[in-house]
1. Does B:Leu154 fit the bill of being in contact with a Gly (Cβ under 8 Å, 6 or more places away or on another chain) and more than 21 Å from B:Asp300 (Cβ to Cβ)?
2. Mind counting the residues in the range A:164-197 that are within 16 Å of ligand 1 (Cβ to nearest atom) and on the phi > 0 side of the Ramachandran plot?
3. For residues that are assigned to a loop (DSSP other than H, G, I, E, B) and either small (Gly, Ala, Ser) or under 24 Å from the mean Cα position of the chain (by Cα) (or both), tally how many sit in the range A:332-381.
4. Being surrounded by fewer than 18 Cβ atoms within 10 Å (Cβ to Cβ), in the same structural domain as A:Gly315 (by TED's automatic domain parsing) and touching a Phe, Trp or Tyr at 6+ places or on another chain (Cβ under 8 Å): is that true of A:Val231 here?
5. Mind listing whichever residues of the range B:199-248 are acidic (Asp, Glu) and away from every other protein chain (no Cβ under 14 Å)?
6. Counting only residues that are closer than 23 Å to A:His142 by Cα and either over 32 Å from the mean Cα position of the chain (by Cα) or more than 10 Å from ligand 2 (Cβ to nearest atom) (or both), how many does the range A:10-53 have?
7. Among the candidates A:Ala240, A:Ala226, single out the residue that is modelled with pLDDT under 95, touching a strand residue (DSSP E or B) at 6+ places or on another chain (Cβ under 6 Å), surrounded by fewer than 22 Cβ atoms within 10 Å (Cβ to Cβ) and at negative phi.
8. Kindly list the number of the only condition in (1) in a helix (DSSP H, G or I); (2) within 21 Å of the chain's Cα centre (by Cα) that fails for A:Pro215.
Amino acid sequence: MGDALFRFATAGSVDDGKSTLVGRLLHDSKAILADQLESVARTSAERGFGGEPGAIDFALLTDGLRAEREQGITIDVAYRYFSTGRRSFILADCPGHVQYTRNMVTGATTADAVVVLVDARNGVLEQTRRHLAVVALLRVPHVIIAVNKIDLLGYSEAAYTAVADEVTTLVGELGLPEAHVVPVSALAGDNIVDRSANTPWYRGPALLELLETLPSLDELETELEALRMPVQLVIRPQGAVAHGVDDPDRFRDYRAFAGRIASGTVRVGDRVQVFPGGATTVVTGIDAGPRELDAASAPQSVSLRLADQLDAARGAVIAAAGALPEPRRELDAALFWLGGRALRPGARVLVKSGTTTVQALVPEIVGRRDLDSLELEPAEHLEINDIGQVRVRLSAELPVEEYVAHRRAGAFLVIDPQSGATLAAGIVTAPVTPTTGRAGNTSTTRTTTDTEGVAA
Amino acid sequence: MSAIDTIPFETGIDTLDALESESIHIIREVVAEFERPVLLFSGGKDSVLVLHLAAKAFWPGRVPFPVLHVDTGHNFPEVIDFRDRTVARLGLRLEVASVQDYLDDGRLQERADGTRNPLQTQPLLDAIAAGRHDAVFGGARRDEDKARAKERILSLRDEFGQWDPRNQRPELWDLYNGRHTVGQHVRAFPISNWTELDVWRYIEREGIELPPLYYAHEREVYRRDGMWRAVSEVSPARPDEVVERRTVRYRTVGDMSCTGAVESAAASVADVVAEVATSTLTERGATRADDRISEAAMEDRKKDGYF
Ligand SMILES: Nc1nc2c(ncn2[C@@H]2O[C@H](COP(=O)(O)OP(=O)(O)OP(=O)(O)O)[C@@H](O)[C@H]2O)c(=O)[nH]1
Ligand SMILES: [Mg+2]
């Protein structure tokens, strides 16, 4: 058994040092090879980085596009890989610039942890708030706040504490889980891989120690949740078996439901329920290619054989018996509006959830989350980078769940039916009324009565 | 470790299992949502890996798409042999886009430096159009190059095959949006998140066959641009270059005229895994002349419709 995979993303305002931190982390954990370092050192020297010979601009390790290097900013997510022996990491270095927030959302949706950089000289800025609101919306399991550039403040504990307190307060207001706060200098390498002698007043772990020990999303979720697997396609060779299969006759009637387990564990002999229809049957086999398994769990890709010949195809969902949610046509949802055209009430869109895409109508915009007050305010429309609360009417029933209860069953895309563009990241929520709920906060008001017209 | 009887569900799954599952999920999504996918297949280890994953994804059914080889005409004979045997073994349909045909009838001209990698773009795009392929699988990995590190798993291309790195579609959770309009197509990169070492560890674990070039062998070589280049008809030594016999292997397999070998005694998969784990150079840095042309060579070629 090898090491496990852990995914994390950076976030925070433009120039707060995300790419420099990532470069430093890669360099200090020996993940940079000689030719890459040489190339980055050469470019740093050509551009006179740091004003002294030999200074290396570590941000160049991830800012790989021509335009990024020319402008000295990150435009789109860079994915990098490193491994420490304890863990393999997939690292997404996200842009801080407001114009590219959609790319930060891209990086954050798959993250087990987000490292939010804050320049110790500036404290919390508007983009810091926006990114943290996104992290809260997406419910990224772990939030690490890296208070950066403390070298420029003489490694002052007081300066660090002031910023740490400010961010911690915001994290609490957003309803995020407790954040880990680390004082760092990405440029000098303090508290990145090893604890620094420059911050004797800091007793916590270095950044890498945190990343190596926090549990990943799948580690957190498989223990908790019941089986759920959206069906991607049905495998039915009907005689057209793969070349090299020894005994083709054995597979003449083979029929299995292929998919990636979204949550939980499945074992041969388990009773499962299938959407649509809700019929109950038994798992008779679990195949991973030619290898038969006794059990499999999220996020494995498998093919499930079932006892009964059910009429199920792509878009079906196989769940543990009793765990299939009531299919719904009406959703309350929070959206992060990524761009393209603005959203107005009455808009017709496509919703992609699991392996199904259906037509949908947005009859009502309940409100828009104000970044400063974090309150939900009435809104006529949603524009790029807005976090909004809406109601969605689907053209067909879907077995979704609230995102807080089940990420993969509660996440969806909003797609423009004409251009095909992805317009929004959507999550299914409990019903929310303006001025009561807070972004990502689980203590939103559940209304049992009809909430029609609350936006008025 | 023996993968066949290890079912690590009690303790969570390891990195290779997680990568494999992610890749199979992507391959199945593309097959389910597109009409006419095709796999770019060069016989190199990354495209062999994608094919292996596809075979697993649809087992015991057949791989439900053809493969496309963009043939520069500067091939290692061992690789063409391997390609043909693989296609026959899996019962696949092979489409070939031949750069040589384009040179012969004048649609393309040979470059002054003799390399043909940049000439692949037009035959590739023509083959995609001719096959009406709406999705093109590639074996590119994000750890190969700083421009590739920026690319989405599903990458939208316009009718000229161009990549617009400043305006990529958001890619959220594992919900892939492959919608495209007439003339556009999608490049799909199922092994985006694999590193070179992951690929080799998986090849070892699964016992995947590769062209023999990947393992140490003796060959007539000469030194150019800091790399060992094979003596061949398309890549002869210049008079001032010394030809010698050395034990080498290839870390990437591409056009013979611009792919270099590395000195190596790694004769088995296990040797290669050990070598890659301790290598001090990146795969492309060690072996690809075409990526050394400029800082942004890969980005520029991708913008023009290259893989
Ligand atoms: N003194 C000092 N400078 C730093 C530190 N970290 C980053 N910088 C500098 O701050 C500037 C911005 O750093 P980047 O790493 O590019 O910032 P970023 O957050 O990635 O920016 P975007 O991706 O464009 O949002 C660069 O000039 C860095 O050298 C630090 O710890 N100390
Ligand atoms: Mg950056």
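1. Values: in contact with a Gly (Cβ under 8 Å, 6 or more places away or on another chain): yes; more than 21 Å from B:Asp300 (Cβ to Cβ): yes.
The answer is yes for B:Leu154.
2. Final tally of qualifying residues: 2.
3. At the first step, the residues of the range A:332-381 found to be assigned to a loop (DSSP other than H, G, I, E, B) are A:338-342, A:344-346, A:354-355, A:370-375, A:378-381.
If we keep only those that are either small (Gly, Ala, Ser) or under 24 Å from the mean Cα position of the chain (by Cα) (or both) as well, we get A:338-342, A:346, A:354-355, A:370-375, A:379.
Adding up the residues that qualify gives 15.
4. Numbers: surrounded by fewer than 18 Cβ atoms within 10 Å (Cβ to Cβ): no; in the same structural domain as A:Gly315 (by TED's automatic domain parsing): yes; touching a Phe, Trp or Tyr at 6+ places or on another chain (Cβ under 8 Å): yes.
No: the conditions fail for A:Val231.
5. Residues of the range B:199-248 that are acidic (Asp, Glu), as a first pass: B:204, B:206, B:209, B:218, B:220, B:225, B:233, B:240-241, B:244.
Correct list: B:Glu218, B:Glu220, B:Glu233, B:Asp240, B:Glu241, B:Glu244.
6. So the first thing to find is which residues in the range A:10-53 are closer than 23 Å to A:His142 by Cα, and the list is A:10-26, A:28-29.
Subset that is either over 32 Å from the mean Cα position of the chain (by Cα) or more than 10 Å from ligand 2 (Cβ to nearest atom) (or both): A:11, A:13, A:24-26, A:28-29.
Residues flagged as closer than 23 Å to A:His142 by Cα and either over 32 Å from the mean Cα position of the chain (by Cα) or more than 10 Å from ligand 2 (Cβ to nearest atom) (or both) within the range A:10-53 amount to 7.
7. Values: A:Ala240 fails: touching a strand residue (DSSP E or B) at 6+ places or on another chain (Cβ under 6 Å).
Criteria check complete, one pass: A:Ala226.
8. Only one criterion in (1) in a helix (DSSP H, G or I); (2) within 21 Å of the chain's Cα centre (by Cα) is unmet by A:Pro215, namely (1).
The values are calculated or read from the model by the stated rules, or taken from the named source; none is laboratory data. Source: prediction; values computed, not measured. Glycine gets a Cβ as well: all are built from the backbone with ideal geometry, and neighbour counts include every protein chain shown.
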